[in-house]
Amino acid sequence: MSSEQSPLAPETTAPDTAGPRPRRLTYAAALVGLEGLALLVGGVWILLLGITGDPDDRQQAVTGGVTLMVLALLPLLAARGLLGQRGWSRGPAVITQLMALPVAYNLLQADSMAIPAGIALAAVAVAALVLLVNGETTRALGIRGPGNAQK
């Protein structure tokens, strides 16, 4: 059987995720990775201050720092999955953005230097959510809607 007669021509065997990664997906991965990196840096900072400084409660500072570093794993893994066009990675990335919005709101309610941080976090979270639910991103990740399962 020649390649012309083959029922499985090369263009029909390639999954939807093959091909170049869309820019929107790359931008979403960068924003999610940036949030993960910020969480990691914040966790290390709090941990170091808890260990070397004079906190009110050293155990609480160390626990908070370690917790932030562990929480940083979710967006960092999601960013890596997005760069690799893995369909599973959109869920953790969206969850990270939804968790960031209440944090941004609380930062905006503060009467301090935290307001610019709240504005930046809200802007990044909303931008990442828009990029993650975009149709081009969804197709690149091979995500199908309900009732559109591959047969």
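The values are calculated or read from the model by the stated rules, or taken from the named source; none is laboratory data. Computed from a prediction, not measured in an experiment: that's the story for all the values here. When we count neighbours, we look across all protein chains shown, and the Cβ atoms used for this are built from the backbone with ideal geometry, even at glycine. Note: accessible area is taken over every heavy atom of the protein model, side chains too, but ligands, DNA and RNA are not part of it. Shrake-Rupley method; radii C 1.70, N 1.55, O 1.52, S 1.80 Å.
Here is a list of conditions, (1) at pLDDT 95 or above; (2) open to solvent by 80 Å² or more (accessible area, probe 1.4 Å); (3) polar (S, T, N, Q), and Gln59 meets all of them except one; can you say which number that is?
Failed condition: (1).
Enumerate the pairs (first residue in segment 56-75 and among the charged types (D, E, K, R); second residue anywhere and buried (at least 17 other Cβ atoms within 10 Å of the Cβ)) with beta-carbon separation below 8 Å, excluding pairs fewer than 6 apart on the same chain, so at least 6 apart or on different chains.
Arg58/Gly50
Here is a yes/no grid of residues against (1) part of a loop (DSSP other than H, G, I, E, B); (2) among the aromatic types (Phe, Trp, Tyr); (3) over 23 Å from Leu25 (Cα atoms); (4) touching a residue at least 24 places away in the same chain (Cβ under 8 Å):
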{"residue": "Ser89", "(1), (2), (3), (4)": "no, no, no, yes"}
{"residue": "Ile95", "(1), (2), (3), (4)": "no, no, no, no"}
{"residue": "Val124", "(1), (2), (3), (4)": "no, no, no, yes"}
{"residue": "Thr137", "(1), (2), (3), (4)": "no, no, no, yes"}
{"residue": "Gly145", "(1), (2), (3), (4)": "yes, no, no, no"}
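Can you tell me which residue among Tyr27, Tyr105 is under 11 Å from the mean Cα position of the chain (by Cα), at pLDDT 95 or above and among the aromatic types (Phe, Trp, Tyr)? Show your work before the answer.
Working: Tyr105 fails: under 11 Å from the mean Cα position of the chain (by Cα).
Selected residue: Tyr27, the only one of Tyr27, Tyr105 that is under 11 Å from the mean Cα position of the chain (by Cα), at pLDDT 95 or above and among the aromatic types (Phe, Trp, Tyr).
If a residue must be open to solvent by 30 Å² or more (accessible area, probe 1.4 Å), closer than 18 Å to Ala30 by Cα and either touching a helix residue (DSSP H, G or I) at 6+ places or on another chain (Cβ under 7 Å) or in a loop (DSSP other than H, G, I, E, B) (or both), how many such residues does segment 62-83 contain?
5
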